[in-house]
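> One structure, pasted below without further comment.
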């Protein structure tokens, strides 16, 4: 993966307001000379990536098995047939030993950037945004399976046409073994700068793909980036990062429902205001049918030109409540990843910036935070990253039965890693 492909990966994940600064960091124009190394007592770095055969720059979170092993992906490192490596799928045991389950080669995929799905038999499923077929310049992406014995199978190669291209977000599975997800591009190639505005897809257990919905880039939204959630009736819910209301340059994004008969409904159209804009992550759903998510922009504009981001709730009728507006300081800024929720109704997430404002990585002030938001909308910062312990978390968290939180950061860790010396990412644990 070269610097251009690294930029492509992250530009889909971080908010638009940060992309110009991030490009500066990724193209290695400057290096960061000093980052504070202290970290909060309740955070433990489980693994520091070195962008070598074991991977680098994780954009996905981790999933856990009953024995406490963690599984995830990193978009770089591994097989060097892709310049900087094609990325890896990895396992991290409770002792912190990392094992590479699969090193991508390009032909079977490149740059895995979403959480893995683990089935009851221990098989893992995921997507790569590049690689596979020869289209889309660097390949249009794949869906893959790593079985419990470590054998990797490409289940589908996207073409970038009507079937979609550049799969994004997490996969989900139904009782019959069908997989569902989204692609950021592809579909109707007359829209979204002829790249297509993305599709929602189904992949059956025989490898046959069906585009369930094709985005137009207009009122329905464009570029779904966060995957889907499904209810007991077979309805799907998700977000589109762009499209919808045109008060934002590329559209402010939408939240949508796709019913079990293929009917599409816009539940909410975001605007360039206090309600938030640019939902880059998927949604979670409670037992009452309420949906929860984040927007990377909008909300409070006091310190952020495009807004510092929000946490929001949509009721079953699509009515929005903003639960929290980030202020862009020590409380965090740019809540790019999605949320998780505990039995008490508390929400947990991360922001890619803000927090310890002395920590800077060339992207902006602050290296991000882990936060908790209670049912009353009170935010508690559980950890402010400082560089050595991580920087720029870009994926949702995982939580075990004891309340421990697990996650990854895209930068940080070994600050000798990478020419820009901002680290190649970490896996971390936060204890209550």
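Every number in this text was worked out from the coordinates using simple rules, so none of it is lab data. As the structure is a computational prediction, the values presented were derived from the model and not from experiment. Cβ: placed from backbone, ideal geometry, glycine included. Neighbour counts: every protein chain shown.
> With 10 angstrom as the radius, rank 64, 388 by how many other C-beta atoms surround their C-beta, starting from the fewest. Mind showing how you got there, number by number?
Values: 64 18, 388 21.
By the 10 Å Cβ count, ascending: 64, 388.
> Next question, about the same structure. What is the extension gain from residue 319 to residue 194, computed as 0.36 nm multiplied by their sequence separation minus the C-alpha to C-alpha distance, in nm to one decimal? Mind dumping the intermediate values first?
On the way: separation 125, 0.36 × 125 = 45.00 nm, distance 3.31 nm.
Residue separation times 0.36 nm, minus the Cα-Cα distance, leaves 41.7 nm.
> Which order, highest average first, do 219-228, 340-349, 307-316 follow once you tally other Cβ atoms within 10 Å for each residue and take the mean per peptide?
Values: 219-228: 25.2, 340-349: 15.8, 307-316: 23.3.
For the peptides 219-228, 340-349, 307-316, the packing ranking is 219-228, 307-316, 340-349.
> Compute the relative contact order of the stretch 3-430 as a whole-number percentage, counting only Cα pairs closer than 8 Å that sit 6 or more residues apart in sequence.
Values: 1384 pairs, mean separation 59.2, N = 428.
Over the stretch 3-430, the number comes to 14 percent.
> Over the chain, with a Gaussian network built from C-alpha contacts below 10 Å, which listed residue (296, 211, 95) shows the highest mean-square fluctuation?
Looking only at 296, 211, 95, the biggest GNM fluctuation is shown by 95.
> Oh, and also: Please order 143, 336 by the number of other Cβ within 10 Å, starting at the fewest. Write out the running numbers ahead of the final one.
Details: 143 24, 336 32.
Neighbour counts put them in this order, fewest first: 143, 336.
> Moving on. If each DSSP helix of 4+ residues adds -39,500 (n - 2.57) and the sum is divided by the residues in the chain, what number results at 222 nm, nearest 500 deg cm²/dmol? Display every interim value, and only then the final one.
On the way: 2 runs with 20 residues, N = 432.
Dividing the helical sum by the residues of the chain leaves -1500 deg cm²/dmol.
> Based only on other Cβ atoms within 10 Å, what is the fewest-to-most ordering of 384, 230? Walk me through the numbers before you get to the answer.
Working: 384 25, 230 17.
By the 10 Å Cβ count, ascending: 230, 384.
> At 7 Å along Cα-to-Cβ for each site, give me the label-to-label distance between residue 218 and residue 343 in nm.
Result for the modelled spin labels: 4.8 nm.
> Something else about it: Please work out how much length the chain gains when fully extended from residue 80 to residue 232, using 0.36 nm per residue of separation minus the C-alpha to C-alpha distance, in nm with one decimal.
This chain segment gains 50.4 nm when fully extended.
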